[in-house]
Structures are given as C-alpha cells and as structure tokens.
Amino acid sequence: MSEQDLAGTAANGTANGQPTVGLISQYVKDLSFENPGAPGIFQLQGQPQIDVQFNIGAAQLGDEVHEMVLKIEVKATVEGQVAYVVDLSYGGLFAIQNVPAEHLQPFMLGEAPRLVFPFARRVIADAVRDGGYPPLMLDPIDFAALYMQQIQAQGEDGQPIGNA
C-alpha cells in the first residue's frame with residue numbers, strides 16, 4: 001500500500017469514525033553482527049547453543065503516528081566459545097486513527113511486532129549467513145499471547161512492556 005493509499009484509507013477512517021491502522025514503513029533501526037571467534041570457531045564441530053532474547057517498545061511520534069521497535073538479541077556459543085552475536089532493532093511506523101486508548105497498547109505490543117517479525121527474522125538470517133554460518137531461522141513468536149501473559153503477571157495494572 002502506498003503512502004497515498006494509506007492517506008486515503010486514513011482519511012476515510014477519520015471521516016466515518018472507523019478505527020484504521022496502517023503500516024507506513026518498516027526499517028532496520030540498528031544492526032550489529034559480531035564474529036569474535038573467527039576464524040578458529042569454524043574448526044569446532046559442536047552444535048551451537050543459541051540464546052534468543054527480545055524486547056518490544058512503542059512510542060507515539062505524532063497525533064496519529066506510532067513507532068514500534070522490536071529488539072532481538074542472539075548469542076551463539078560452541079563448546080563454550082562465542083561463535084556470533086547479533087543485535088537487531090527493527091522498527092515499524094504505524095498510522096493509527098480512531099482506535100480506543102484501551103486497544104492501542106495491545107496492538108502496539110502484540111499485533112505490531114507480529115506484522116514486522118518476518119522481516120526482522122530475514123535480516124537476522126541474512127546477517128548470520130553473511131557471517132559464515134548457516135542462516136538462523138527463528139521460530140515464529142506469538143506476541144499477542146506473550147503480551148497477555150505479561151499483563152496477567154503484572155496484575156493487569158496496564159504498565160507498558162519493554163522500552164523503545
């Protein structure tokens with residue numbers, strides 16, 4: 001969908017009061033790949049141990065523009081040595097209109113990361129492959145279920161999850 005189409009859709013939503021959400025843009029905000037054990041690490045035969053951590057942050061940038069940042073950190077070790085480390089911050093800009101406040105946080109921290117995750121996953125796979133390893137294909141993540149678990153664990157106090 002082009003920005004012009006998004007503007008038209010958003011205008012229609014505003015005119016009739018219907019909630020509208022559109023992905024304006026997605027982008028690599030920050031990417032780091034470290035290969036500290038190269039070239040010696042390539043001589044080791046063990047299966048790598050992969051540790052994946054992620055964090056989701058959201059911020060309002062304008063009246064109807066919100067940014068969601070999905071931060072993914074991957075650390076692979078082989079026989080106790082660090083093979084590689086990948087840090088990715090992948091952002092998405094969303095145009096959001098007429099969405100009730102109580103639905104904004106669940107969208108930004110549950111649905112928005114689901115929309116951009118396949119693209120962030122590809123960036124990580126390519127970075128790992130370009131570092132000399134087999135591409136790392138991260139398993140899909142159910143962000144909405146994780147969001148609901150975190151809300152329940154917080155006693156449903158509505159505090160934001162993560163940081164941008």
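Descriptive notes on the structure:
- Zone of L23's modelled label, taken as backbone nitrogen in segment 137-153 under 16 Å from a point 7 Å along Cα→Cβ: 140-144
- Backbone N under 19 Å from the D126 label point (7 Å along Cα→Cβ), restricted to segment 32-61: 32-35
- The stretch between Q150 and A38, if pulled fully straight at 0.36 nm per residue, gains 36.5 nm over its current Cα-Cα span.
- Once all protein chains are placed together, I56 keeps about 20 Å² accessible to a 1.4 angstrom probe.
- Helix-only [θ]222 nm of the chain, DSSP H runs n ≥ 4, -39500 (n - 2.57) each, per residue, nearest 500: -9500 deg cm²/dmol
- Here segment 73-164 is assigned +1 on the Cβ of each Lys and Arg and -1 on the Cβ of each Asp and Glu. Its dipole about the Cα centre then comes out at about 260 debye.
- Contour minus Cα-Cα distance for D30 and I141 (0.36 nm per residue): 37.9 nm
- Compared with the alpha-carbon gap, the fully stretched path from R114 to Q47 is longer by 21.2 nm at 0.36 nm per residue.
The values are calculated or read from the model by the stated rules, or taken from the named source; none is laboratory data. These numbers come from a predicted model, not from an experiment. Note that each Cβ is placed from the backbone with ideal geometry, even for glycine, and that neighbours are counted across all protein chains shown. Only protein heavy atoms, including side chains, enter the accessible area calculation; ligands, DNA and RNA are left aside. Shrake-Rupley method; radii C 1.70, N 1.55, O 1.52, S 1.80 Å.
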